[in-house]
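The values are calculated or read from the model by the stated rules, or taken from the named source; none is laboratory data. Here the structure is a predicted model, which means the values were calculated and not measured. Note that we place each Cβ from the backbone using ideal geometry, even for glycine, and neighbour counts take in every protein chain shown. Remember, those area values only see protein heavy atoms, side chains included, never the ligands or the DNA or RNA. Shrake-Rupley method; radii C 1.70, N 1.55, O 1.52, S 1.80 Å.
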Amino acid sequence: MRHLPLHGEQELLYGLARGDERAFRAIFHNYSDLLGKHILRITRSQELTEEIVQDVFLKVWMKREELAEVRDFRAYLFILSRNYAINYLKKTVGILLSEQEPDWVAVENISVYDQEHEADYYTLIDEAIDLLPPQQQKVYLLSRHERLKYHEIASRLNLSRETVKKYLQIATESVATYVRKGFIALLLIFFQ
């Protein structure tokens, strides 16, 4: 990782403030990897990290006139990127909590956790399933794990198709709610 001397960096910031694209490229190449590592520790998602790095440098370019006044550009970048990452995570939590996204798919597509946190995620799901009443638990597992259809589950458990459908709706909502709450708790612990 290259680090420009302070006086050289300030000259690049002055150049960037005047719209010098070479100065922008030099600053980008100097900080993008370091910034990416910083953001990855917050988001735990490589894809999200790359998106945030691009957004941060886009903001740097758009606010370039103000950069000549910045005395600690590294701190400026780290604060800007941290705010972007936290805002994205808050937005993700907001979506998970909104009534407009009650579907189980919204919970299964959480992109904040990488493989390091995959065990935590599946532990939350297992805990949620364990808390279901026995019949709902059976219906849920037959549907989600064995991929059986309503009529197949109904036949196997000697229930009506409508009962299976209702149990699955209730179980799915219960599991999703439990995982959402656990996800929020993990995020709060993460940001302490």
statement: Within region 1-38, residues modelled with pLDDT of 85 or more and within 15 Å of residue 75 (Cβ to Cβ) come out as 13, 27, 30, 31, 34, 35
query: Counting only residues that are buried (at least 17 other Cβ atoms within 10 Å of the Cβ) and part of a helix (DSSP H, G or I), which one in region 39-54 is modelled with the highest pLDDT?
result: 53
field: Candidates 73, 57, filtered to the one that is touching a residue at least 12 places away in the same chain (Cβ under 8 Å), touching a Phe, Trp or Tyr at 6+ places or on another chain (Cβ under 6 Å) and surrounded by 18 or more Cβ atoms within 10 Å (Cβ to Cβ)
entry: 57
task: Could you tell me which residue of region 128-160 is most open to solvent (accessible area, probe 1.4 Å), considering only residues that are in a loop (DSSP other than H, G, I, E, B) and farther than 14 Å from residue 170 by Cα?
output: 147
field: Residue among 107, 112 that is buried (at least 17 other Cβ atoms within 10 Å of the Cβ), at pLDDT below 60 and not in a helix (DSSP H, G or I)
entry: 112
- prompt: Only one residue in 85, 154 is more than 18 Å from residue 177 (Cα to Cα) and at pLDDT below 85. Which one?
  reply: 85
